[in-house]
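Scroll down for the structure; my scribbles are underneath it.
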Amino acid sequence: MSKNGEKNVVLNRRAGFDYQLIDSLTVGMALSGAEVRQIRDHHAQLKGAYVELRRGQLSLNRLTLGSETARNIPLLATKKQIIGLERAKVDGVAIVPVKIIASGRYIKLVISTGKGKKKYDKRATIKSRDIDRGRF
């Protein structure tokens, strides 16, 4: 549990490695009962999942629940938040799902805007991480 009662359920560990994350935003998810149960039981993966912005609607695609890929899950955000994401999308940034949290009885998704890293940026990230661990 974190300091404000939010429990991390699913993390996308590749998000911070593949993208330089800029801003984050917490949005709701429109899930069915079976999907909620699978997420709470840690049978979900964000690997390969992406957020799509189409016609003023946000949706989470390719979320893996159990052994199968879930449907396109609508995300719940305010109109102001969606307009901000549309403006960021014009600047060439991606919308990346970072983690799913269980906040009380609700399940929410933390998304972030980020620019894709180049190969040399990823190598620099690995190098700084190894130095922090004391390997070199």
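The values are calculated or read from the model by the stated rules, or taken from the named source; none is laboratory data. The model shown is predicted, which means the values in this text are computed figures rather than measured ones. Quick reminder, even Gly has a Cβ in these numbers, built from the backbone with ideal geometry, and neighbours come from all protein chains shown.
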*asked:* Please go through the stretch 23-39 and give me each residue that is farther than 15 Å from GLU68 by Cα, exposed (fewer than 14 other Cβ atoms within 10 Å of the Cβ) and not polar (S, T, N, Q), ordered by number.
replied: ASP23, ALA30, GLY33
_Take LYS122 and tell me if it is touching a helix residue (DSSP H, G or I) at 6+ places or on another chain (Cβ under 7 Å) and either at negative phi or hydrophobic (A, V, I, L, M, F, W, C) (or both)._
yes
_Hits in the stretch 59-76 - residues which are buried (at least 19 other Cβ atoms within 10 Å of the Cβ) and more than 12 Å from GLU35 (Cα to Cα)_ = LEU60, LEU75
*Does GLY33 count as modelled with pLDDT of 85 or more and within 14 Å of the chain's Cα centre (by Cα)?*
no
*Just give me the residues in the stretch 77-120 being surrounded by fewer than 17 Cβ atoms within 10 Å (Cβ to Cβ), charged (D, E, K, R) and under 18 Å from ALA49 (Cα atoms), in sequence order.*
LYS89, LYS115, LYS117
*Would you check which residues across the stretch 59-89 are farther than 16 Å from LEU109 by Cα and basic (Lys, Arg) and list them?*
LYS79, LYS80, ARG87, LYS89
_Single condition GLY114 does not satisfy, out of (1) over 15 Å from GLY28 (Cα atoms); (2) over 13 Å from the mean Cα position of the chain (by Cα)_ = (2)
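In the stretch 98-136, how many residues are basic (Lys, Arg) and in contact (Cβ under 8 Å) with a residue 40 or more places away in the chain?
Going residue by residue through the stretch 98-136, those that are basic (Lys, Arg) are 99, 105, 108, 115, 117-119, 122-123, 127, 129, 133, 135.
So of that shortlist, the ones also in contact (Cβ under 8 Å) with a residue 40 or more places away in the chain come out as 99, 108, 115, 117, 122.
Adding up the residues that qualify gives 5.
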*In the list GLU86, GLU68, which residue meets the criterion of being more than 22 Å from LYS47 (Cα to Cα) and charged (D, E, K, R)?*
GLU86
